[in-house]
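Take a look at the structure below.
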Amino acid sequence: MVSALALIMGACSSQSELASDTAATKTMMLSGTGSDDAVEWDFYCDKGRNCGEWSKIAVPSNWELEGFGGYDYGHIREKHNEQGTYRRDFDVPASWQNRTVKVVFDGVMTDTTVFVNDQQVGPTHQGGFYRFSYDITPYLNFGESNQIKVVVDKISADKSIEAAERQADYWVFGGIFRQVFLQALPASHIDWVSLDAKASGQFDAEVYFEGLTGAETGVEAQILDMDGKPVGKPFSAPLQESKAVVSTAIANPELWSAEYPNLYQVRFTLKAGTDTLHTLNKTFGFRTFELRPHEGMYLNGEKIILKGVNLQR
């Protein structure tokens, strides 16, 4: 009897772990996270220092600091307009076959065109200071080696971006300067979320989805402390086309401030009946910023006095 019960419990545990693993987002780094663990890619720069031949470059980095191209200062109108081409090989697990696979860039200076296995995966991304991604699922060879090529133009072809991001009192750099990674998501998945966590404890979130099939029924959420312990009760909402809006209130949350940066997590779960399709965790803090006319800035009801010097190098 004991042995049979143990087998049943073991089987249930294995099924639960399998379901949890299937619903999780898988991540594969293609670069380092910073200068201390940067990863070498093949690199070609078309003009300036060390141009005209393939060599190696650390990713992430700016190519000027790695000995390529030319230095430019922001207020100078006529700049070196180098183009850098990056490439590297990577293996994709066969187990990712039924997932949506995205390549994610946290920041590239400035216009970025991406190819996987010699096929362009989407339009050129313009702008250097924020995350962007491409769905590369149709271009991959699962269980085999693949190649990514990233073509980067230092100066944006969009004149408004060039004026906003580059015509300023600082050095202008080019290249993949933030991390690059793959995300393997369930076919139906949470794409992104917008969080609003106020000092009162009121919590609101808009949750957006991709790959919906019609079987999905709603999203469940749970706030957790940083040790993973539940805070408050679970809350949920049905899907409204490709999004859901969820809300709850937490009594007496520990507030975030610069002096006391208290943090929480929220776990979102996309459901199809009782089946879990995808889970996503986000970290946040309860806080309220206000800009009061004739008074200034307030955080969590207390006035903030800002002192500092603005110096860009």
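None of the figures in this text is laboratory data; all of them are computed from the coordinates on show. Computed from a predicted structure; not experimentally measured. Note that each Cβ is placed from the backbone with ideal geometry, even for glycine, and that neighbours are counted across all protein chains shown.
Once the chain from THR283 to SER95 is taken as fully extended at 0.36 nm per residue, the excess over their C-alpha distance is 64.8 nm. Cut-off under 20 Å on the C-alpha distance; same-chain residues fewer than 8 positions from LYS79 excluded. Which lysines are left, in chain and number order? Excluding near neighbours in sequence, the set is LYS47, LYS154, LYS159. Among the chymotrypsin sites (Phe, Trp or Tyr not before Pro) within region 256-313, not one is in coil by DSSP while having at most 11 neighbouring Cβ atoms inside 10 Å. So how tilted is helix 2-23 from the main axis of the chain? Cα-based, degrees 0 to 90, rounded to 10. The angle comes out near 40 degrees. Estimated from helices alone, the mean residue ellipticity of the chain at 222 nm is -3000 deg cm²/dmol (sum of -39500 (n - 2.57) over DSSP H runs with n ≥ 4, per residue). Rg/Rh, computed from the Cα trace of region 21-148 with Rh as the Kirkwood radius, has the value 0.99.
Run the paramagnetic zone check for GLU78: 7 angstrom along Cα to Cβ, then residues of region 46-62 with backbone nitrogen under 17 Å. The answer is 48.
Full extension of the chain between ALA251 and MET29 gives 76.0 nm of extra length, using 0.36 nm per residue less the Cα-Cα distance.
Cross-link pairs exceeding 20 Å between alpha carbons, from the set LYS26/LYS233; LYS198/LYS307; LYS243/LYS271: LYS26/LYS233; LYS198/LYS307. Per-peptide packing, taken as the mean over residues of other Cβ atoms within 10 Å, places 274-280, 173-179 in the sequence 173-179, 274-280 from highest down.
Checking every one of the GluC sites (Glu not before Pro) in region 15-95 against DSSP loop status and a limit of 16 other Cβ atoms within 10 Å picks out GLU53, GLU78. If R0 equals 41 Å, the separation of the Cβ atoms of ALA157 and PHE181 corresponds to a calculated FRET efficiency of about 0.95.
For region 222-310, the list of GluC sites (Glu not before Pro) that fall in a loop by DSSP and count at most 11 other C-beta atoms within 10 angstrom reads GLU241, GLU259, GLU295. Across region 190-289 the C-alpha pair distances fall into 10 Å bins from zero in the proportions 15, 49, 26, 8, 1 percent.
The C-alpha radius of gyration of the chain, expressed as a fraction of 2.2 N^0.38 Å, stands at 1.21. The relative contact order of the chain comes to 16 percent, based on Cα pairs under 8 Å that sit 6 or more residues apart. Each Lys or Arg adds one and each Asp or Glu subtracts one; over the other residues with Cβ under 11 Å from the Cβ of LYS303, this totals -2.
Charge tally around THR274: other residues with Cβ under 15 Å, Lys/Arg +1 each, Asp/Glu -1 each, net -2.
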